[in-house]
1. Residue by residue through segment 23-40, note down the ones that are open to solvent by less than 70 Å² (accessible area, probe 1.4 Å) and within 15 Å of the chain's Cα centre (by Cα).
2. For segment 55-111: of the residues being of a type in the set (Asp, Glu) and surrounded by fewer than 18 Cβ atoms within 10 Å (Cβ to Cβ), which is nearest to the chain's Cα centre (by Cα)?
3. What are the residues in segment 11-42 that are assigned to a loop (DSSP other than H, G, I, E, B) and among the hydrophobic types (A, V, I, L, M, F, W, C), if any?
4. Going through segment 1-22 one residue at a time, which ones are open to solvent by 40 Å² or more (accessible area, probe 1.4 Å) and of a type in the set (D, E, K, R)?
5. Among what's in segment 41-54 and is more than 15 Å from residue 96 (Cα to Cα) and either of a type in the set (A, V, I, L, M) or in contact with a strand residue (DSSP E or B) (Cβ under 8 Å, 6 or more places away or on another chain) (or both), pick the residue that is most open to solvent (accessible area, probe 1.4 Å).
6. If you check residue 14 against the conditions, is it more than 22 Å from residue 99 (Cα to Cα) and of a type in the set (Val, Ile, Thr)?
7. Taking residue 35 as the residue in question, decide whether it is at pLDDT below 95 and farther than 16 Å from residue 114 by Cβ.
Amino acid sequence: MERLKPSGIVTLTTDFGLADHYVGAMKGVILATYPGATIVDITHGVEPYQIEQGAFFLAQAYGTFPAGTVHVAVVDPGVGTTRQCLTARTSGHYFVAPDNGLLSHVVWDTPAKVMSMTLWIARRR
């Protein structure tokens, strides 16, 4: 699989809501790491822990972004546990999400390269 040119866009899909600091903190971490990133909120209104709803919203939106976009999705009743984080690449897009089915609609019909974040980090070194 050839390497994609990053678009500089990072999308966020979460069940965080907007009543606290979590979305802002997440954006701060992204911008501290990639100061030139353009961050786009798909939604932070996924009903709490509704993985299927988050998977649907992500699948409906990601294709409208240019190739090389990174899509970060967090809808996870097990956040903070030992659940693995996945990276995936399909249809010219990159995805980062917990290993809980959140990427199921994205990789359902198209070939995808999926691996655990731990393995991805080890391969990048």
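The values are calculated or read from the model by the stated rules, or taken from the named source; none is laboratory data. None of these values were measured; they are calculated from a predicted model. Here Cβ is always computed from backbone atoms with ideal geometry, including for glycine, and neighbour counts include all displayed protein chains. Just so you know, the surface numbers come from the protein's heavy atoms only, side chains and all, with ligands and any DNA or RNA stripped out. Shrake-Rupley method; radii C 1.70, N 1.55, O 1.52, S 1.80 Å.
1. Within segment 23-40, 23, 26, 27, 30, 37, 39, 40 qualify.
2. Quick first cut of segment 55-111, residues of a type in the set (Asp, Glu) only: 76, 99, 109.
Keeping just the survivors that are surrounded by fewer than 18 Cβ atoms within 10 Å (Cβ to Cβ) gives 99, 109.
Details: 99: 11, 109: 18 Å.
Among residues in segment 55-111 that are of a type in the set (Asp, Glu) and surrounded by fewer than 18 Cβ atoms within 10 Å (Cβ to Cβ), the one nearest to the chain's Cα centre (by Cα) is 99.
3. Our first condition is that a residue be assigned to a loop (DSSP other than H, G, I, E, B); within segment 11-42, this holds for 15-21, 34-37.
Matches in segment 11-42: 16, 18, 19, 37.
4. Within segment 1-22, 2, 3, 5, 20 meet the criteria.
5. Residues of segment 41-54 that are more than 15 Å from residue 96 (Cα to Cα), as a first pass: 43-50, 52-53.
Within this subset, residues satisfying the condition of being either of a type in the set (A, V, I, L, M) or in contact with a strand residue (DSSP E or B) (Cβ under 8 Å, 6 or more places away or on another chain) (or both) are 43-44, 46.
Working: 43: 34, 44: 17, 46: 5 Å².
Ranking the candidates gives 43 first.
6. Working: more than 22 Å from residue 99 (Cα to Cα): no; of a type in the set (Val, Ile, Thr): yes.
So residue 14 fails the test.
7. no
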